[in-house]
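Here the structure comes first, spelled out in structure tokens, and everything after it is commentary.
The values are calculated or read from the model by the stated rules, or taken from the named source; none is laboratory data. Values in this document were obtained by computation on a predicted structure and should not be read as measured data. Backbone-built Cβ (ideal geometry, glycine too); neighbour counts: all protein chains shown.
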Amino acid sequence: MKKRGMSEIVAVAAAVALAVSGLVGCGGSGGAATQAAGTSGAGAGADASAAGQGSASGEGTAAAGAGTAAGESAKPQPGGELYVYNWGEYIDEDVIDMFEDETGIQVIYDVFETNEEMYPVIEAGGVSYDVVCPSDYMIQKMIENNLLAKLDFSNIPSFDQIDPRFVEDSKSFDPDNAYSVPYTWGTVGILYNTSLVPEDKAPTKWADLWDESFKGEILMQDSVRDAFMVALKMLGYSLNSTDEKELEEAKDLLIAQKPLVQAYVIDQVRDKMIGGEAAIGVIYSGEMLYIQEEVESLGLDYELEYVLPEEGSNVWIDAWVVPANAKNKYNAELWIDFMCRPEIALKNFEYITYSTPNKGAFDMLDEDLQTNKALFPDAEALKNCEVFRYMGPEADELYNNLWKEVKSN
Amino acid sequence: MGKKLLAGPYLLWMVAFTVIPLALIVYYGFTGVGGGFTLANVAAIARPEHSKALVLSLALSMVSTVCCLVLAYPLAMVLRGRGIGKGSFIVFIFILPMWMNFLLRTMAWQTLLEKNGVINAFLGFFGLPKLQIMNTPAAIVLGMVYNFLPFMVLPIYNVLAKIDDDTINAAADLGANFFQTLLRVWFPLSLPGVISGITMVFVPSLTTFVISNLLGGSKILLIGNVIEQEFTKSGNWHMGSGLSMVLMVFIMASMLLLAKYDRGGEGTTF
């Protein structure tokens, strides 16, 4: 922000630079949009069942919302606009409509695919988003670079619905719990296809992704931190390592694995695993439930199982934050409060299937979901897991350069 | 006075969307993250991961340019032979896919080439061995040829259509057989179109990052991917601009080639 006053001109420069480098500057976002369109139809079925209970409870809270608005006339009046920047496929779209109906605020909703893609957009400030949903380490980076505004928690009364355990965990990236409100959490693990992987070869640890017999059957994550996490954890190092020697070792390991890898993917891992394109994929735990439901509803003759690797993994939290240059901060806080309501959190969970840190929503879940260890792992399962931390610009550059070496090899 | 006024909007457009952005790229390319002049961003092309990506990009785009030329020249001759009415209908059919989004068409190739994709299902039905080219350089070349072939066909067709039939007949009267006519008459006369086509295919192939991402499974790093990553993932606009400038040198070299052979502007596509 500081060094880039003329943000609009800079944005034009970026567009042209991308045009020079490829003639199709919208590659990333276009892909995300088409993907959203492609899968929304599949989600509609699951969504319909939730709509019944959702709308009933929605009315109740709408009345409550009106009550508080009338009681506190000193607050700025809601209305106007809200620019939301979220992950693709990361909300039940009915929730957006419900929020608009209740508050009269018009929501402008954009999506991103990776934290790394989101960051320069917020930093350049060409579009000023009001509420964004990055992951832990990226929130820390944004706080350290003064890109975020402190939240006014008196506007977010439903914050007390968030399980204190996650408020505590959030301190690793937001030490005073001043900037962020957890939205989802989960782990990163291995998903495997039971018909393509023999029972005695079922993966239990990251090292199994280096098994020669899976040549061409492995999908890795196409994001620098996730890819290095796998190698670092396998070597027994911290996933936040900045030790050059450790990272070099991890790089060599990833290069050695490359001939076995079918592709480096992000969201596509979901469709490719459902379609039986690959036997093993590195995936976010939140995708598991959706994938298993999809496999079942398509009547496929195989199952997809999720494993949290023995060596430990990344436990992550995605949380709502408000950028420092937000024009509608009060609306953003209303949005965050809305997302914290148990029935809304439940509706979102049922749609996106990423574990919710909302204890009100958790209590409303069926028992078999509550005890699902892949979705809601206990402390014992998480003992080797760590939260990503932002390690500073030098470490960023080191990671990026090593990743390029992996990719160009 | 009137003519100068007409050029006004165009000049404004040029300054706003070509000159200023280019100047910004040059500025970013020659400054470091902390500000201050540096050649490091341009010199970074010598780093093994970057130079490998550049060499691979050059190799793949040359292969796809040659493939396009070999496919396009006979097609352009057929189109010319059909005469205006039928020929333009074929041209229309040929351009039709271009009305659809480039990204969508490339994603369609993903579905076709995948391990359990349409082509392999078809081959499997007849008990034929599976095609395993997804996520290899071959798939990327295929994507480039498919997407950029029209840019080769059209300029060659435009030039061939202007060659007088009398010229060809004269060659036949003087005893030249088909191949002699092709080499001595057709080809030299169509050279401006060929050069234009080569540039139109080579430049976008060299700079693409979408095709290599979608059909290469992000396993194959082209120079376009490196630049894209610097802008969108690493957030290092200085490095991205520096490498873009290196790439521009190659683009300009092919443009100069075009200017040398195509003085009359005959080879233009549209």
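Restricting the first member to the range A:389-405 and to residues that are more than 8 Å from chain B (Cβ to nearest Cβ), and the second to residues that are in a helix (DSSP H, G or I), the beta-carbon pairs closer than 6 Å and six or more apart or on different chains are A:389/A:137; A:390/A:137; A:390/A:140; A:390/A:141; A:399/A:224; A:402/A:247; A:402/A:251; A:403/A:224. Among residues belonging to the range A:96-120 that are of a type in the set (A, V, I, L, M, F, W, C) and touching a Ser or Thr at 6+ places or on another chain (Cβ under 9 Å), point out the one that is surrounded by the fewest Cβ atoms within 10 Å (Cβ to Cβ). Applying the filter and picking the extreme gives A:111.
In the set A:381, A:324, A:374, only one residue is away from chain B (no Cβ under 14 Å) and closer than 30 Å to residue A:101 by Cα; that residue is A:324. Could you check, for the range B:203-219, whether at least one of its residues is surrounded by fewer than 24 Cβ atoms within 10 Å (Cβ to Cβ) and over 24 Å from residue A:406 (Cβ atoms)? Yes: one or more hits.
The criterion of at least 1 residues that are over 28 Å from residue B:102 (Cα atoms) is met by the following helices (runs of 4 or more DSSP H) wholly inside the range B:158-270: B:165-173, B:178-181, B:187-207, B:237-261. Looking for something part of a helix (DSSP H, G or I), among the polar types (S, T, N, Q) and farther than 20 Å from residue B:218 by Cβ - is there at least one such residue anywhere in the range B:39-57? Checked against the condition, which is being part of a helix (DSSP H, G or I), among the polar types (S, T, N, Q) and farther than 20 Å from residue B:218 by Cβ, the range B:39-57 yields at least one hit.
Annotation note: of B:137, B:129, the sole residue that is touching a residue at least 24 places away in the same chain (Cβ under 8 Å) and either within 14 Å of chain A (Cβ to nearest Cβ) or within 30 Å of residue A:218 (Cβ to Cβ) (or both) is B:137. Counting only residues that are part of a helix (DSSP H, G or I) and more than 11 Å from chain A (Cβ to nearest Cβ), the range B:6-29 holds 9 of them.
Filtering B:210, B:249, B:201 for residues that are at negative phi, within 14 Å of chain A (Cβ to nearest Cβ), touching a Cys at 6+ places or on another chain (Cβ under 6 Å) and not basic (Lys, Arg) leaves a single hit, B:201. Within the range A:162-215, the residues that satisfy the criterion of being surrounded by 19 or more Cβ atoms within 10 Å (Cβ to Cβ), polar (S, T, N, Q) and within 28 Å of residue A:320 (Cα to Cα) are A:170, A:180, A:184, A:187.
Residue by residue, here is whether (1) part of a loop (DSSP other than H, G, I, E, B); (2) among the acidic types (Asp, Glu); (3) crowded, with 16+ Cβ neighbours inside 10 Å; (4) away from every other protein chain (no Cβ under 14 Å) holds:
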residue: B:66; (1), (2), (3), (4): no, no, no, yes
residue: B:76; (1), (2), (3), (4): no, no, yes, yes
residue: B:96; (1), (2), (3), (4): no, no, no, yes
residue: B:104; (1), (2), (3), (4): no, no, no, no
residue: B:108; (1), (2), (3), (4): no, no, no, no
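For the residues A:371, A:356, the requirement of being surrounded by fewer than 23 Cβ atoms within 10 Å (Cβ to Cβ), out of contact with any Asp or Glu (no Cβ under 7 Å at 6 or more places or on another chain) and under 28 Å from residue A:191 (Cβ atoms) singles out A:371.
Given the structure, is residue A:166 within 26 Å of residue A:356 (Cα to Cα) and assigned to a helix (DSSP H, G or I)?
Yes, satisfied.
For every residue, the table says whether it meets (1) surrounded by fewer than 23 Cβ atoms within 10 Å (Cβ to Cβ); (2) more than 25 Å from residue B:210 (Cα to Cα).
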{"site": "A:219", "(1), (2)": "no, no"}
{"site": "A:229", "(1), (2)": "no, yes"}
{"site": "A:237", "(1), (2)": "yes, yes"}
{"site": "A:269", "(1), (2)": "no, no"}
{"site": "A:285", "(1), (2)": "no, yes"}
{"site": "A:288", "(1), (2)": "no, yes"}
{"site": "A:296", "(1), (2)": "yes, yes"}
{"site": "A:303", "(1), (2)": "yes, yes"}
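Of all the listed residues (B:72, B:53, B:46), the sole one being closer than 21 Å to residue B:245 by Cβ and away from every other protein chain (no Cβ under 11 Å) is B:46. For first residues located in the range A:289-306 and modelled with pLDDT under 95, partners that are among the polar types (S, T, N, Q) and assigned to a loop (DSSP other than H, G, I, E, B) and lie 6+ apart or on another chain with Cβ distances below 6 Å form the pairs A:289/A:353; A:290/A:353; A:302/A:194; A:302/A:195; A:303/A:194.
Residue B:35 meets all of the listed conditions (1) over 23 Å from the mean Cα position of the chain (by Cα); (2) assigned to a helix (DSSP H, G or I); (3) of a type in the set (Gly, Ala, Ser); (4) within 12 Å of another protein chain (Cβ to nearest Cβ) but one, namely (2).
Screening B:117, B:124 for residues that are within 14 Å of chain A (Cβ to nearest Cβ) and surrounded by 18 or more Cβ atoms within 10 Å (Cβ to Cβ) leaves exactly one candidate, B:117. Looking across the range B:227-236, just one residue is crowded, with 24+ Cβ neighbours inside 10 Å and more than 7 Å from chain A (Cβ to nearest Cβ), and that is B:230.
Within the range A:107-125, can one find any residue that is under 18 Å from the mean Cα position of the chain (by Cα), of a type in the set (S, T, N, Q) and under 19 Å from residue A:336 (Cα atoms)? Within the range A:107-125, none of the residues are under 18 Å from the mean Cα position of the chain (by Cα), of a type in the set (S, T, N, Q) and under 19 Å from residue A:336 (Cα atoms).
Among the helices (runs of 4 or more DSSP H) confined to the range A:181-285, the ones with at least 3 residues that are over 19 Å from residue A:403 (Cβ atoms) are located at A:268-274.
Tell me, please, whether a residue that is within 14 Å of chain B (Cβ to nearest Cβ), under 28 Å from residue A:267 (Cα atoms) and of a type in the set (Phe, Trp, Tyr) can be found in the range A:111-126. Yes, the range A:111-126 has at least one match. Checked against (1) away from chain B (no Cβ under 11 Å); (2) surrounded by fewer than 21 Cβ atoms within 10 Å (Cβ to Cβ); (3) within 26 Å of the chain's Cα centre (by Cα), residue A:244 passes all but a single condition, namely (3).
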